[in-house]
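Contents: one structure, followed by commentary.
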Amino acid sequence: MAKTDPLKDKLVTIFGGSGFLGNYLTQSLLERGARIRLASRTPEKGWPLKPLANLGQLQLARCDVNDERAVAAAVAGTHAVVNLAGSFSGDLMQLMGEAPGAIAKHAKAAGAQALVHVSAIGANSESPTAYGRAKALGETRVLEAFPTATIVRPSVLFGKDDNFINMFAGLIQFAPVLPVFGPTAELQPAYVDDVAEAIAQSVLGPGKHGGKTFELGGPERMTMLELNERIAAAQGRKRYFIAMPDALSAIFAALPLTPMSSDQWKLLKAGNAALGNYPGFDELGIEPRPLGLFLDKWMVHFRTHGRFGLKDAGVTA
């Protein structure tokens, strides 16, 4: 006899759920039969998820996490809460520092059984970046209000429709010579589906995982330069990469209208790999999948002749 999933018909509120990770997490929870309340400043971005849900299984709620009345309404009657809200711009100490504490407070008052707060590798109260300090404050505020919350610190996420691998792939497709900022910075990319599953497992098991912090890095470690070289190889393209000196990279990031802020440069330079101070995927019963498992397939449409541009046919321009 088939077992009923423990989350079936349970309401889960996801703050910031209209983004990249939220899309995958919502799908994972819908498959388990959970009812989802997707709370976001732009809930219309969640419309593509509607066909994946049964009638009444997915609610889209407009909510600003800085508005406590909206937060309280969003967690009313919920079984579990997940906070994904984050940004690299604006008032970071409010959005990722104080607001998570308010979410935790109202989740506790509403009787939520589980709370998962998604932070980031690099969260540190002494971080040289406002982003890192804000993430650290958010973790503190969450645990003050909801001591059995689970903190999840993922590394940089990758997926078929991400803005990370695809950004580099697009540049490599058209530019024969490319600068690489932070060429020796170490990354440990995590597959977005695996991180979504880790969050779902945390929602399922607050008794087992509550009060813990998890660092979620993928099984492969690589530098920024190595990542670019692997993408070029998967496209079958010969590219020349220039390792940019740190001093020049810092000046570039400080200039207005550049695609990278000074905070983002400092985060990049520090790397984005798990430090090993906290449990990871294994304690959640997940075997993380490497980038190498997907990269060749995902780079097909970036090749000169698409699926006919086989790498063994030679390197293209």
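Taking a sphere under 13 Å around the Cβ of Val118 and counting the other residues whose Cβ falls inside, with K and R at +1 and D and E at -1, yields a net charge of 0.
Think of it as helices only: each DSSP H run of n ≥ 4 in the chain is worth -39500 (n - 2.57), and spread over all residues that comes to -10000 deg cm²/dmol at 222 nm.
In the neighborhood of Ala136, defined by Cβ-to-Cβ distances under 12 Å, what is the net charge if each Lys or Arg adds +1 and each Asp or Glu adds -1? All intermediate terms of the calculation are to be shown ahead of the outcome.
Working: positive: Arg133, Lys135, Arg141, Arg153; negative: Glu126, Glu139.
Net of charged neighbours comes to +2.
Largest first, the extents of the alpha carbon coordinates of the range 113-158 on the three principal axes equal 34, 27, 9 Å.
Summary of packing: across the peptides 27-38, 271-282, the per-residue average of other C-beta atoms within 10 Å ranks them, highest first, as 27-38, 271-282.
Entry comment: accessible area of the range 31-173 is 44 Å² per residue, from protein heavy atoms only and a probe of 1.4 Å. Just checking the listed ones, Thr184, Thr304, Thr258: in the Gaussian network model of the chain with Cα springs under 10 Å, the one fluctuating most is Thr258.
Pairs with C-alpha atoms separated by more than 20 Å, drawn from the list Lys10/Lys160; Lys160/Lys297; Lys8/Lys45; Lys135/Lys160; Lys135/Lys212; Lys266/Lys297, are Lys10/Lys160; Lys8/Lys45; Lys135/Lys160; Lys266/Lys297. Axis angle, to the nearest 10 degrees, between helix 165-174 and the longest C-alpha principal axis of the chain: 20 degrees. Here Lys208 is the anchor, and the aspartates and glutamates within straight C-alpha reach of less than 13 Å, apart from those fewer than 8 places off in the same chain, are Glu283. Computed from Cα positions, the angle between helix 130-145 and the longest principal axis of the chain comes to roughly 20 degrees.
What do you get for Rg/Rh of the range 32-77 when both radii come from the Cα atoms and Rh is the Kirkwood radius? Don't jump to the answer; show the numbers that get you there.
Details: Rg = 11.1 Å, Rh = 11.2 Å.
Ratio of gyration radius to Kirkwood radius: 0.99.
The fraction of accessible area contributed by carbon and sulfur in the chain is 56 percent, rounded to a whole number (1.4 Å probe; ligands and nucleic acids excluded). Quarter the surface of the alpha carbon convex hull of the chain and you get the mean projected area, 17.8 square nanometres.
Against the chain, whose longest principal axis is taken from its Cα atoms, helix 224-235 shows a tilt of about 70°. With +1 on each Lys and Arg Cβ and -1 on each Asp and Glu Cβ, how big is the dipole of the chain about its Cα centre, in debye rounded to the nearest 20? With Lys and Arg at +1 and Asp and Glu at -1, about 600 debye.
Might you report the magnitude of the Cβ-based charge dipole of the range 178-266 about its Cα centre, with Lys and Arg at +1 and Asp and Glu at -1, to the nearest 20 debye? Working shown, then result.
Numbers: 8 positive and 10 negative charges, 35 e Å.
So the dipole magnitude of the range 178-266 works out to roughly 160 debye.
If you take the Cα centroid of the range 49-70 and the Cα centroid of the range 163-232, the two points sit 27 Å apart.
The values are calculated or read from the model by the stated rules, or taken from the named source; none is laboratory data. On a predicted model such as this, the values are computed, not experimentally measured, just so you know. Glycine gets a Cβ as well: all are built from the backbone with ideal geometry, and neighbour counts include every protein chain shown. Just so you know, the surface numbers come from the protein's heavy atoms only, side chains and all, with ligands and any DNA or RNA stripped out. Shrake-Rupley method; radii C 1.70, N 1.55, O 1.52, S 1.80 Å.
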